[in-house]
Structures are given as structure tokens and as C-alpha cells.
Amino acid sequence: MDAIYWDHYYNNIIILNLLIVIGLFTGLRLFSGALAHVNASKELLTKDNPAFGVSLAGTTLAVAIMLSGTVYGSPGIEAEHAVLSVGVFGLIGIALMAITRIIFDKITLPTISLRDEIVRGNLAVAIADTANVLAAAIIIRTVLIWVTGYTLDSIYAILGGYVVSQIILTVTTIVKTKVFHSLNKGRNLSMELMNGNRALALRFAGQKIGVAFSIAAAAHIVVYEQYELGTILFAWFVASVVTVIIWKVLCIVAENIILLKVDIRDEVMEQRNIAVGALQAAICIAMGLLIAAV
């Protein structure tokens with residue numbers, strides 16, 4: 001059928017790339033265990049640890065999202081080159097996700113030990129950790145697709161785009177923690193998560209993922225130019241900041257409409273209303289998705 005494109009060479013490249021991606025994906029258990037220094041079988045099967053299950057499920061989905069940005073096939077490229085590139089880019093993506101978790105643990109929320117809290121069964125911290133890896137995966141996937149070609153310059157662009165995006169993502173999260181502390185005297189975000197406030201964790205997760213989608217929208221605004229890396233990264237930074245600001249404004253407007261006459265602070269902080277926290281998360285993610293789709 002003319003309506004279906006079929007090219008054996010092209011399809012062979014796609015199949016080989018998928019095999020590489022599946023190989024990387026099936027190594028997820030080793031990857032997760034190495035990062036957290038946790039016995040996955042013990043946590044899942046012996047302790048029935050729901051927090052570890054949520055964290056591992058989030059990591060599984062995040063790795064799949066990230067790897068989807070590495071699958072590549074083109075009739076004009078040699079199969080060996082395409083397969084090697086997918087493998088290399090996949091490993092780079094996994095390494096960047098590992099770095100993201102370290103940044104989150106040591107810089108963004110330094111007073112929380114993610115590993116200890118998840119092993120303890122803290123679902124609130126597990127939700128926050130899951131949001132962090134999902135946000136990283138969304139951004140890394142976007143950068144992988146945004147960059148054209150498989151050259152050393154492309155790798156530099158991926159690393160540069162990741163650094164810029166991670167700076168914005170980390171700074172926005174730190175700002176949120178400062179604002180949270182100023183609005184809730186005597187309380188801080190880290191302590192609330194350690195105390196198991198799942199409603200707050202859900203809202204935090206939605207904000208984190210929403211910001212990631214907003215940053216991803218920069219890929220539609222900035223055209224990748226291989227020979228002007230500094231300029232292109234600066235443009236990516238400016239576009240990301242603008243889209244994040246637009247996202248925040250839209251979130252405020254949507255919350256005021258959807259949660260009209262609801263005392264959000266009391267519901268989330270005092271009553272720990274998971275329904276309100278989940279709704280706030282959905283609003284944040286929805287606004288991010290809408291911006292990314294423009």
C-alpha cells in the first residue's frame with residue numbers, strides 16, 4: 001500500500017535501535033540499585049515497601065521516557081553509526097538522570113536523605129523523588145530530540161542544554177522552598193515531606209513536572225544551530241525562563257478558577273487533603289503540557 005511507508009534498510013535501523021534501547025532499559029534494576037544502594041528484591045518482596053515501589057516505578061517510567069528520545073532511524077545514515085549513536089546517547093541520558101538525582105538529594109533538598117526516607121517507607125518523599133526523575137527525563141528527552149546529528153558537537157549541545165535546564169529546574173525548586181518557608185512560619189518543605197505530607201508532595205510533584213514541560217517548550221522556540229553553541233544555549237535559557245513564567249501565571253489563573261473559594265493552604269498543610277494536592281498537581285502538569293504543545 002502506498003499509504004504505508006516501508007523501507008527494509010530504514011526499518012532494520014529502527015529494529016536495531018529498539019534492541020539497544022530495550023537492552024539499556026532492562027538494565028534498569030541494576031541502575032536503580034546502584035544509585036540508591038538498596039536491595040530491590042528485599043524492599044519489594046520482603047518488606048513490601050510502597051515508597052520504594054513508587055520510586056522504582058517512577059524511575060522505570062522516567063528511563064523509558066528518556067530512552068524514547070534516543071530511538072532514531074534514517075535511510076541516509078549507516079546502520080552501524082545509528083546503532084552506536086543510540087547506545088552512546090542512551091548511556092549519556094542515564095548518566096544525566098543519575099546526576100539529577102544527586103543534585104536533588106544534595107543541593108535541592110539537602111536536609112532529606114532520599115535513600116533513608118524511601119527505605120523507611122515515606123511515600124511523600126518517594127512521590128517527590130519520582131517527580132524529580134520524571135522531570136529530568138522529560139527535559140533530557142526533549143534535548144535529545146532537539147539536537148540534530150550524532151557528532152561530538154551534538155554531545156556538547158546535549159550536555160549544555162541539560163546544564164541550562166537543570167539550573168532553571170533547581171533554582172525554581174529552591175525558590176519554591178524559600179517562598180514556602182516565608183508563607184508558613186516555623187515550617188519548611190523538607191520537614192513536611194519527612195513528616196509524610198502526601199498532599200504537599202503531590203503538589204510539589206505537579207509543579208516539578210509542570211516546570212519540566214515548560215522548559216521543554218523551549219525546543220519549539222529555539223532552532224538548534226550546531227556551530228553557535230553558546231548563542232543557542234543562551235537562547236534556550238531565555239526561552240525557558242519566559243515559558244516558566246508564563247506557566248506560573250497560567251497555573252495561578254487556573255487554580256483561582258478551579259479551586260474558587262477553597263482555602264488551599266489549610267487543605268494541603270493542615271488537613272493534608274490529598275484530593276486538593278492531586279488537583280493542584282494536575283493543574284500544574286496540564287498547564288505545562290499545553291505550553292509544550294504550542
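The values are calculated or read from the model by the stated rules, or taken from the named source; none is laboratory data. All values derive from a computational prediction rather than experimental measurement. Here the Cβ is made from the backbone with ideal geometry for all residues, glycine too, and neighbour counts use every protein chain on show.
Could you tell me whether residue 179 is under 16 Å from residue 109 (Cα atoms), within 16 Å of the chain's Cα centre (by Cα) and without any contact (Cβ under 8 Å) to a residue 40 or more places away in the chain? Criteria not met by residue 179.
Please go through the stretch 223-247 and pick out each residue that is farther than 29 Å from residue 265 by Cβ and without any contact (Cβ under 8 Å) to a residue 24 or more places away in the chain. So that I can check it myself, show each step before the final result.
Let us first name the residues in the stretch 223-247 that are farther than 29 Å from residue 265 by Cβ, namely 223-239.
Result: 223, 225, 228, 230, 231, 234, 235, 238, 239.
Take the residues in the stretch 199-247 that are of a type outside the set (A, V, I, L, M, F, W, C) and in contact with an Asp or Glu (Cβ under 8 Å, 6 or more places away or on another chain); name whichever of them is farthest from residue 170 (Cα to Cα). Steps first, answer last, please.
Of the stretch 199-247, the ones of a type outside the set (A, V, I, L, M, F, W, C) are 203, 206-208, 210, 214, 220, 224-228, 230-231, 240, 243.
Next, only the ones that are in contact with an Asp or Glu (Cβ under 8 Å, 6 or more places away or on another chain) stay: 226-227, 231.
Details: 226: 26, 227: 28, 231: 22 Å.
My answer is 227.
Only residues in the stretch 146-158 that are farther than 11 Å from residue 225 by Cβ count as the first member; pair them with residues that are modelled with pLDDT under 75, Cβ under 6 angstrom, at least 6 apart or cross-chain, and list the lot. Partner pairs satisfying both residue conditions: 150/85. Filtered by the rule that a residue be in a loop (DSSP other than H, G, I, E, B) and among the β-branched types (Val, Ile, Thr), the stretch 88-137 gives 111, 112.
When we screen 210, 206, 161 for residues that are assigned to a helix (DSSP H, G or I) and more than 25 Å from residue 275 (Cβ to Cβ), the only hit is 161.
Residues 243, 231: which one is farther than 19 Å from residue 95 by Cα and crowded, with 18+ Cβ neighbours inside 10 Å?
Values: 231 fails: crowded, with 18+ Cβ neighbours inside 10 Å.
Result: 243 is the single residue among 243, 231 that is farther than 19 Å from residue 95 by Cα and crowded, with 18+ Cβ neighbours inside 10 Å.
Out of the residues in the stretch 252-274 that are assigned to a helix (DSSP H, G or I) and touching a residue at least 24 places away in the same chain (Cβ under 8 Å), state the one that is surrounded by the most Cβ atoms within 10 Å (Cβ to Cβ). Once the filter is applied, the top-ranked residue is 268.
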